[in-house]
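First the structure, in the form of structure tokens, and then the observations on it.
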Amino acid sequence: MPDIHHPGRRSVLAAAAAGSASLGASWLLTGCTGASAAPALPEGAKAGTPDRGGTLRIARPPASEAETLDPASALSAYEYLGALYNRLVRIGGDGDLAPDLAESWEPDAKARTWTFRIRKGVAFHDGRELTSADAAYTLRHILAKETASPQAAVLAPLIDPAKLRTPDAHTLVVPLKSPNAEFPSLLTHYNCYVIPDGSARGIGRTGIGTGPFKLESFAPAGPGRITAFKDHWAGRPVLDAIDFYSVADMSARSNALLAGQVDLLSQTNLDFATARVVAASDRATIARVENAQWYVLPMLTTEKPFTDVRVRQAMKLAYDPEHVVKVALQGAGTPGWDNPVPPSDPAHLGAHPKHDPEQARHLLKKAGQEGLTVDLYTSSYDPIFTPMALAYQDSAKRAGIRVRVKTASADSYYTQIWMKKPLMATYWYTGRPVDQLFTQVFRGGSSYNETAWSDKAFDALLDRARQETDDERRRELYGEAQTFVVEKGGAMTPMFADRLVGISRKVRGYAEHGFEFDYLGIGLKGA
Amino acid sequence: MLSFIARRVLAAVGTLVLSSVLVFLAVQALPGDVATQVLGKDATPDAVAALREKLELDQPAWERYADWIGGAVHGDFGLSLVSGKAVGGEVSMYLGNSALIALVTVLFAVTGSIVLGIVAGLYRDRWPDHLISTVSLIGMSVPEFVVATVLVLCFSVALPLFPAVVLYGPEATVGQLMPAVWLPALALAVVMAAYIVRMARTSVIDVMAGEYVTTARLKGLSTWRVVTRHALPSALLPTLHVIALNVAWLAGGVAVVENVFNYPGIGKLMLASVQNRDLPVIQAIALISALVYVVCNLAADLGAMALNPKLRTRGRTR
């Protein structure tokens with residue numbers, strides 16, 4: 001599963017010990033700072049301009065010792081990628097596509113062949129100039145079998161690597177196997193960072209890209225350092241350098257921030273208790289990444305009773321997403337109303353069915369499932385899972401559904417529970433373009449289709465949407481697809497949650513959305 | 001005496017063999033497919049299948065056990081599934097870092113707690129005894145991560161004397177690790193010392209009530225001399241066992257504390273390996289922990305024999 005559990009996967013470490021430890025930690029810290037009333041969490045990061053220079057120290061959850069700097073790999077060191085590399089296309093703050101290494105791109109009339117104009121005067125860290133050959137090589141590298149890139153599953157049905165053309169040094173032509181008006185959005189994925197032509201063997205260690213920082217040192221699952229790349233095409237970054245440290249335990253990460261040993265905790269969604277402690281500290285505070293986490297309660301549509309669409313509808317109508325947001329997120333998020341497309345996405349459809357326990361009861365009766373009892377699996381993998389499950393349990397009671405919440409071990413949760421138990425809790429990062437989201441998670445037979453939902457009519461609708469070259473009309477079709485998923489699909493989406501990120505009070509210019517992190521603008525005050 | 005030693009050593013070896021079997025079985029029973037867990041959830045089915053084959057997961061368990069134990073006897077624990085490096089080298093690097101903490105902990109805990117135990121014993125039922133006994137009871141009951149967190153709060157966050165976490169990797173030098181050793185060692189020492197204090201106190205009370213102490217007193221020796229020359233050696237004897245058991249406990253108890261401090265020691269490696277299902281590493285660590293345990297116990301028994309004339313001569317008189 002490409003992007004999803006990327007962060008979580010790393011923070012599981014010792015979840016049992018750590019979970020209780022962090023609880024103890026926050027409790028103690030709250031007690032000791034004398035904060036009797038819980039302080040409110042700040043709304044956003046501190047505004048203001050950073051001073052030039054300085055070194056930012058980032059603590060990250062360690063990946064495995066097999067991690068690599070090859071962006072295409074399933075084991076890429078995610079936190080380095082955006083600093084070392086650029087993509088052809090990225091997602092802007094408004095959720096729409098924005099130019100990165102491609103200055104512009106256009107399809108032919110049928111959206112079957114895409115032409116990308118590659119930016120001129122862009123240098124790699126080793127001094128070589130970027131050309132379209134590098135872009136073509138990157139795509140071939142992702143598609144190559146030996147790379148085993150998760151993004152290959154998305155791109156391989158579309159691209160024949162042998163047919164990529166580079167008519168001149170700054171033009172890349174990509175003929176597609178089938179028309180796709182959303183193709184460039186698939187290249188915003190973090191597996192798609194551009195690497196130099198012919199670099200596949202060494203890229204995992206050298207990290208040579210066109211990004212605002214260049215690699216000084218890197219140890220898998222260990223510390224590393226990157227320094228400002230003065231010849232970066234968009235100007236040099238504010239910072240002189242970034243030090244990365246890997247800290248496995250979540251309470252250890254927040255202790256490091258509170259003690260002033262690091263300035264930012266990357267990929268850590270702090271639990272509310274810890275977040276309050278951090279926000280109350282003199283050294284550190286909380287920044288929010290709005291609607292960054294997409295929480296799901298997938299129902300396996302191949303397992304009883306969820307094979308019956310009426311039961312799935314009842315499960316959705318039975319609970320109140322607003323209640324779940326209030327209880328599980330303490331308000332720090334947006335109700336999802338079972339629509340997986342986040343509210344920040346331009347394609348998001350606002351309309352949704354109302355919470356209706358009576359209708360749910362009625363549907364269950366018709367399906368012969370009156371007084372339904374279901375097991376809902378959670379774990380300490382993510383601090384929100386269990387509160388979400390309990391809030392759902394509480395809410396669904398009104399429709400006569402009895403939910404038994406079962407806690408599974410965190411470290412094997414994604415191999416033993418996910419996509420195996422009929423009903424469980426999970427999450428993804430948001431920031432996936434709408435076509436990729438539907439293709440990867442909802443299309444019949446796709447590898448991350450976590451509800452095993454397969455509906456020919458829905459797949460046909462997706463095909464129609466991606467072939468539609470009229471933007472307005474395409475957006476309508478993606479709207480229909482959302483309605484389809486809400487009405488018939490197996491995924492309940494109770495909410496989108498803000499990610500609570502711990503940062504030092506010295507940090508300025510922190511900006512993050514989806515998979516985008518602003519490495520250029522971030523800096524320190526008094527650096 | 002020789003036969004006693006021989007029997008003791010034989011029992012120790014037996015324990016080790018038994019624990020190696022248990023370790024192997026327990027690791028096999030871990031939930032989650034090894035190949036999936038090692039490659040991460042983004043892995044393609046092809047890669048998973050290839051790894052399963054490479055790991056020879058299709059071979060019968062007893063054959064894999066024989067392979068493993070055969071290598072382990074020669075110090076060859078195989079290759080890490082995750083990093084691909086030799087397990088032996090990796091484990092010893094982390095083990096060295098943990099040994100640093102263990103050494104400081106034992107120094108803290110043993111010297112501190114024996115002194116406290118003797119004071120408590122000498123002032124039995126008076127306020128120093130009450131104070132020491134209460135505090136050690138608290139130390140015994142509070143889990144080590146709470147003690148560690150309080151120490152971080154006091155000496156890293158509020159009063160920045162020591163680092164809250166270690167930011168270096170396992171290759172860190174002793175010099176780099178030294179500033180970070182004190183808090184974890186103190187946290188472990190607090191938990192560990194409690195037991196030793198209570199044991200030492202009881203021994204001192206027993207010994208001080210003994211006839212030879214009364215005789216020594218009657219000879220006109222000062223309390224100080226009675227304690228150091230006569231009472232202390234006898235009182236240390238039963239304490240030795242408790243110390244040995246606690247040193248063995250360190251091997252396991254250090255895991256939680258290392259995680260709180262992000263200390264690159266064997267406990268942290270263990271947790272990471274369990275999470276990644278890095279079987280060769282888990283097995284090596286578990287076996288080494290068992291070895292430490294057995295050796296500590298053996299040392300305590302033999303040490304006790306060396307110190308205690310009664311035990312020493314028992315073999316001969318029989």
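The values are calculated or read from the model by the stated rules, or taken from the named source; none is laboratory data. No experiment lies behind these values; they were computed from the predicted model shown. Using ideal geometry, Cβ is built from the backbone for each residue, glycine included, and neighbour counts are taken over all protein chains shown. Side chains included, ligands, DNA and RNA excluded: accessible areas come from the protein's heavy atoms. Shrake-Rupley method; radii C 1.70, N 1.55, O 1.52, S 1.80 Å.
Across chain B, where is the longest run that never hits GluC sites (Glu not before Pro) in a DSSP loop with at most 14 other C-beta atoms within 10 Å? The segment B:172-318 is the longest one with no such site.
Stokes-Einstein, applied to the Kirkwood radius of segment A:206-274 over Cα pairs at a viscosity of 0.890 mPa s and 25 °C, places its translational diffusion at 179 µm² s⁻¹. Restricting the calculation to Cα atoms, segment A:107-220 yields a radius of gyration followed by a Dmax of 14.4, 47 Å. In straight-distance terms, cross-link reach from A:Lys163 covers every one of the lysines whose alpha-carbon lies under 26 Å from its own, apart from those fewer than eight places away in the same chain; here that gives A:Lys110, A:Lys120, A:Lys145, A:Lys177. Using the average count of surrounding beta-carbon atoms within 10 Å as a protection proxy, the listed peptides A:422-428, A:209-215, A:147-153, A:171-177 rank, highest first, as A:209-215, A:422-428, A:147-153, A:171-177. Mean per-residue shielding of peptide A:243-250 is 5, counting Cβ atoms of other chains within 10 Å of each Cβ. For the pair B:His130 and B:Leu221, the difference between a 0.36 nm per residue extended length and the Cα-Cα distance amounts to 30.0 nm. Annotation: extensible slack from A:Arg283 through A:Glu472 equals 63.2 nm (criterion: 0.36 nm per residue apart, minus Cα-Cα distance). Taking amide hydrogens as placed 1.01 Å from N in the peptide plane, the amide H of B:Tyr263 sits under 5 Å from those of B:Val166, each at least 5 positions away in sequence or on another chain. In chain A, one over the average inverse separation of all distinct C-alpha pairs is 23.9 Å, which is the Kirkwood hydrodynamic radius. Give me the net charge for the shell around B:Ser136: Cβ to Cβ below 9 angstrom, other residues only, Lys and Arg +1, Asp and Glu -1. Combined, the nearby Lys, Arg, Asp and Glu give +2.
Computed over chain B, the alpha-carbon pair-distance distribution with 20 angstrom bins reads 26, 49, 22, 3, 0, each value a whole percent.
When the surface is traced with a 1.4 Å probe over the full set of protein chains, B:Tyr123 keeps roughly 100 Å² accessible. Largest accessible area first, the residues A:Arg60, B:Arg126, A:Arg205 order themselves as A:Arg205, B:Arg126, A:Arg60 under a 1.4 Å probe with ligands, DNA and RNA left out. Taking 18 Å as the cut-off for C-alpha to C-alpha distance, list the pairs among A:Lys354/A:Lys456; A:Lys326/A:Lys365; A:Lys304/A:Lys365; A:Lys304/A:Lys488; A:Lys304/A:Lys421 that go past it. Beyond 18 Å between Cα atoms: A:Lys354/A:Lys456; A:Lys326/A:Lys365. For segment A:476-527, which whole-number percentage of the solvent-accessible area (1.4 Å probe, protein heavy atoms only) is attributable to carbon and sulfur atoms? Whole-percent figure for carbon plus sulfur exposure: 50. Shown in residue order for segment A:312-323 are the 3J(HN,Hα) couplings computed by the Karplus curve 6.51 cos²θ - 1.76 cosθ + 1.60 at θ = phi - 60°: 4, 4, 4, 4, 6, 5, 5, 10, 10, x, 5, 5 Hz (x for Gly and Pro). Backbone geometry of segment A:472-484 corresponds, through the Karplus equation with coefficients 6.51, -1.76 and 1.60 at θ = phi - 60°, to 3J(HN,Hα) couplings of 4, 4, 5, 4, 4, 5, 5, x, 4, 4, 5, 4, 4 Hz, x marking Gly and Pro. Per-residue ellipticity at 222 nm, computed for chain B from helices alone with -39500 (n - 2.57) per DSSP H run of at least four residues, works out to -25500 deg cm²/dmol.
Provide the FRET efficiency to the nearest 0.05 for the A:Lys420-B:Thr214 pair, computing r from the beta carbons and using R0 = 60 Å. Efficiency computed from Cβ-Cβ geometry: 0.25. In chain A, the DSSP-assigned H stretches of four residues or longer account for a calculated mean residue ellipticity at 222 nm of -8000 deg cm²/dmol, using -39500 (n - 2.57) per stretch and the full residue count as denominator. Taking a straight Cα-Cα cut-off under 17 Å and skipping sequence neighbours fewer than 8 places away in the same chain, the aspartates and glutamates within cross-link reach of B:Lys268 are A:Glu65, A:Asp249, A:Asp411, B:Glu90, B:Glu144, B:Glu171, B:Glu258, B:Asp278. Given the C-alpha centroids of segment A:325-400 and segment B:75-149, what is the distance between them in whole angstrom? Cα centroid of segment A:325-400 versus Cα centroid of segment B:75-149: 47 Å apart.
Between A:Glu146 and A:Asp96, the C-beta separation translates, for a Förster distance of 41 Å, into a calculated FRET efficiency of about 0.75.
What is the average number of partner chain Cβ atoms found within 10 Å of a Cβ in A:409-417?
Per-residue shielding by partner chains comes out at 5.
Each of the peptides A:216-223, B:10-17 was scored by the mean count of other Cβ atoms within 10 Å over its residues; in descending order, highest first, they stand as A:216-223, B:10-17.
Annotation for B:Leu18 and B:Ala99: the two label points, set 7 Å from Cα along the Cα-Cβ direction, are 2.8 nm apart.
The mean number of Cβ atoms from other chains found within 10 Å of a Cβ in peptide A:143-155 is 2, as a whole number.
Using a probe of 1.4 Å on the protein chains alone, the accessible area found for A:Trp418 is around 20 Å². Simple spin-label estimate for B:Asp76 and A:Gln359 gives 6.8 nm between the two label positions (7 Å along the Cα-to-Cβ direction from each Cα). What the Cβ-Cβ distance of B:Gln59 and A:Lys366 gives, at R0 = 60 Å and to the nearest 0.05, is a FRET efficiency of 0.70. Per-residue surface analysis assigns B:Val142 an accessible area of about 40 Å², computed on protein heavy atoms at 1.4 Å probe radius.
Once you have the Cα-Cα distance between A:Lys397 and A:Asp463, take 0.36 nm times their residue separation minus that, and quote the gain in nm to one decimal.
19.9 nm
Give me the aspartates and glutamates in straight-line cross-link reach of A:Lys406: C-alpha distance below 18 Å, same-chain residues under 8 apart excluded. Here the aspartates and glutamates satisfying the reach criterion relative to A:Lys406 are A:Glu303, A:Asp375, A:Asp382, A:Asp394.
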